[in-house]
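The values are calculated or read from the model by the stated rules, or taken from the named source; none is laboratory data. Just so we're clear, the structure is a prediction, and the values are computed from it rather than from any experiment. Backbone-built Cβ (ideal geometry, glycine too); neighbour counts: all protein chains shown.
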Amino acid sequence: MSFRASARDLAFALRAAGFDAVRARHPDLDADTAEAVLDGAARFATEVLAPLNRVGDTQGARFRDGQVRAPEGFTQAYRAFAAGGWTALSADPEHGGQGLPKALEIAVSEMFQAGNMAFALCPMLTLGAAEALARHGSERQRRLVLPRLVDGSWTGTMQLTEPQAGSDLANLRTRAEPAPDGSYRLTGEKIFITWGDHDLAENIVHLVLARTPDAPPGVRGVSLFLTTKYAVRDGGGLGEANAVGPASIEHKLGIHGSPTCVMQLEGARAELVGELNHGLAHMFVMMNAARLHVGIQGAAIGERAFQQALAFAQERRQGRSVWSGDYPARIYDHPDVRRTLMLMKAKVEAARGLCLMTAVQSDLARLGDCAASRAAALSRQELLTPIAKSWSTDVGVEVASMGLQVHGGMGFIEETGAAQHYRDARIAPIYEGTNGIQALDLIGRKLGHAGEAMNELCADMLASAARMAAQRDLAPIAARVADGARALLDATRVMVWREWPEAQVLATPYLKLAGDVIGGWALARQAELAAGAEAPWLKTRIALAAFYAGQVLPQAVAAADVIAAAVPDLEAVRADTLSP
Ligand SMILES: Cc1cc2nc3c(=O)[nH]c(=O)nc-3n(C[C@H](O)[C@H](O)[C@H](O)COP(=O)(O)OP(=O)(O)OC[C@H]3O[C@@H](n4cnc5c(N)ncnc54)[C@H](O)[C@@H]3O)c2cc1C
């Protein structure tokens, strides 16, 4: 089934997420311009990227003679992508970007990821590399490299992972030897490097974490380096090939079109980015940007799986409908199938809303009127980022799985494409910091000393529920959102006083509770915006919010008991007593 990116849905979700406050701070960005950007992206995602999704899956990236080749059609699509200015939306105009808000970029990214997640990973990482250089790069790096990333003529990678250093980057071993001319030589092996090599663009910029010989142990001794596939001459032209390249690519469950490379660094000429031994902090700029983009991948793949399931459910006929009496009925007319489809769409909108809310806060953290409002927005953005990444990517997998179920046996057969969405979705909870690590980040660093960051968010949800309670159509939704916010408040109170090992046992259930509740709030805000409208698609926003409030939020409230209950003594469970 062909996918159609919906600029209309995203424009609406953006408004519900508070985008008007961001637009008000961008004098050149009126509503029509923002819609034109979304429309253009929707066309590109639908007409150029989506038709290549299957090609990418079946053909995959190929590794031959030490070089990676992208699947057929990807190179032309990439050139059109760069020529269309899609690489540069939120980058600073000083570096050739368009200076548009992050929230708009994330909305656009959703459409590209839904169109073709394997393809969209390449510009997504390029964007992160550009942000890291804009913030921490030297004058030379910002003059010679950054504009090439922004205009898409070069692409970027993020090279952290090594065989012995995945979640734990303290174990990194890649060495950076200082050279007499002030540059460095990188030696080591990086694994799982997305788009580490390819033929889409003329050069590749690698941001690599490594340690100098006298660096202190652990993460305090990690520095960030820039190395390129081809040397960059002082005039900006390309020089000889550098000693960094792919040794192989992985054969993997999904995103076959995206090459996942083992990279060998054999004395690669490199430059330091930012300060020595501050590499992890500098890389966090890139990782935080990427986390939100990965979060929106969850909504993206969910939307695509939903559209496909909805179309299938209207074609496939089985049994008699208890509603219409039709025989054979469209499976769409069976209550259980329709419930599944409603749940899919509601969860997609909730994940989308949560990610867009996070992006709006990141814009307000830069553009807020005063220091206090910028600090409040930053704190909210930091709180929401691990939830947006984890909860939304879990939703992506769940929704893709439901989509497969709607197809029955045909879902399990590759021909329909439903299986590809399920396989593609599965990586998102793993990369960019596994969802388990995100949950630890949430409870360990983001809640605030006594949970005040989350308490303030709950207070906002309660205030918004109180406002909605006055409207008849919205009152039942408001009541459930208020129940959810109170449950999250109670759970937060318990979490902040738990001993650290106990808190870790509960981190993932707590993050899920937060995502379930905030997702419900995101839908309620859509319902509030749609209230009183006559258009059927807007009335459906209220139905979706009510459905989620009735079906998902009560389960979230019940699940909050897990946080308050006695924590299972997992330390006492010996692995040998679990094994057969
Ligand atoms: C397709 C793909 C693309 C990727 N792209 C890139 C890329 O472009 N650049 C890059 O640098 N990396 C990339 N990665 C690597 C990815 O970020 C890592 O796989 C991820 O960070 C997890 O590391 P790991 O695989 O070593 O798992 P581990 O760290 O070994 O984790 C295994 C399990 O243990 C859990 N765990 C580990 N430590 C803890 C802890 N302290 N507390 C609780 N639980 C813990 C994890 O949550 C996980 O469930 C990619 C990976 C894949 C598969």
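Of all residues being closer than 14 Å to A549 by Cα and among the charged types (D, E, K, R) in region 458-489, which is surrounded by the fewest Cβ atoms within 10 Å (Cβ to Cβ)? Just the residue, please.
Here the answer is D473.
Give me a count of the residues in region 556-570 that are exposed (fewer than 10 other Cβ atoms within 10 Å of the Cβ) and either of a type in the set (S, T, N, Q) or under 33 Å from the mean Cα position of the chain (by Cα) (or both). Show your work before the answer.
As a first pass, look at region 556-570 and keep what is exposed (fewer than 10 other Cβ atoms within 10 Å of the Cβ): 566, 569.
Now drop any that are not either of a type in the set (S, T, N, Q) or under 33 Å from the mean Cα position of the chain (by Cα) (or both), which leaves none.
Count: 0.
Name every residue in region 234-251 that is more than 19 Å from L121 (Cβ to Cβ), of a type outside the set (G, A, S) and modelled with pLDDT of 95 or more, in order of residue number.
Going through region 234-251, the residues more than 19 Å from L121 (Cβ to Cβ) turn out to be 234-245, 247.
Checking which are of a type outside the set (G, A, S) leaves us with 234, 238, 240, 242, 244.
L238, E240, N242, V244, listed by residue number.
Being away from the ligand (no atom under 16 Å from the Cβ), within 28 Å of D9 (Cβ to Cβ) and modelled with pLDDT under 95 is true for just one of G519, G532. Which residue is that? Show your work before the answer.
Values: G519 fails: modelled with pLDDT under 95.
None of the others qualify; the one that does is G532.
List every residue pair whose Cβ atoms sit under 8 Å apart, with the two residues 6 or more apart in sequence or on different chains, where the first one lies in region 524-540 and is within 20 Å of L553 (Cα to Cα) and the second, anywhere, is surrounded by 16 or more Cβ atoms within 10 Å (Cβ to Cβ) and hydroxyl-bearing (S, T, Y).
Listed pairs, sorted by first residue: A524/S464; R525/S464; E528/S464.
For a quick check of your reading of the model, give me the residue pairs whose first member lies in region 180-194 and is more than 11 Å from L265 (Cβ to Cβ), whose second is among the basic types (K, R) and away from the ligand (no atom under 16 Å from the Cβ), with beta-carbon atoms closer than 6 Å and at least 6 apart or on different chains.
Taking only residues 6 or more apart or on different chains, the pairs are S183/R269.
Could you tell me whether F112 is touching a Ser or Thr at 6+ places or on another chain (Cβ under 9 Å), touching a residue at least 12 places away in the same chain (Cβ under 8 Å) and buried (at least 21 other Cβ atoms within 10 Å of the Cβ)? It would help to see each step written out before you state the result.
Details: touching a Ser or Thr at 6+ places or on another chain (Cβ under 9 Å): no; touching a residue at least 12 places away in the same chain (Cβ under 8 Å): yes; buried (at least 21 other Cβ atoms within 10 Å of the Cβ): yes.
So F112 fails the test.
Need a quick list: helices (runs of 4 or more DSSP H) entirely within region 407-477 having at least 2 residues that are away from the ligand (no atom under 16 Å from the Cβ). I'd like the intermediate steps shown before the answer.
Numbers: elements: 409-412, 418-425, 435-441, 452-468.
Result: 409-412, 418-425, 452-468.
Among the residues of region 202-238, which ones are of a type in the set (G, A, S) and more than 16 Å from the ligand (Cβ to nearest atom)?
We begin by selecting, within region 202-238, every residue of a type in the set (G, A, S); these are 210, 215, 218, 221, 223, 231, 235-237.
Residues satisfying the conditions are A215, G221, A231, G235, G236, G237.
Check S167 against each of (1) at pLDDT 95 or above; (2) away from the ligand (no atom under 12 Å from the Cβ) and name the one condition it does not meet.
S167 satisfies every listed condition except (2).
Does G295 meet the test of being at positive phi, more than 14 Å from the ligand (Cβ to nearest atom) and among the small types (G, A, S)? Working first, answer last.
On the way: at positive phi: no; more than 14 Å from the ligand (Cβ to nearest atom): yes; among the small types (G, A, S): yes.
No.
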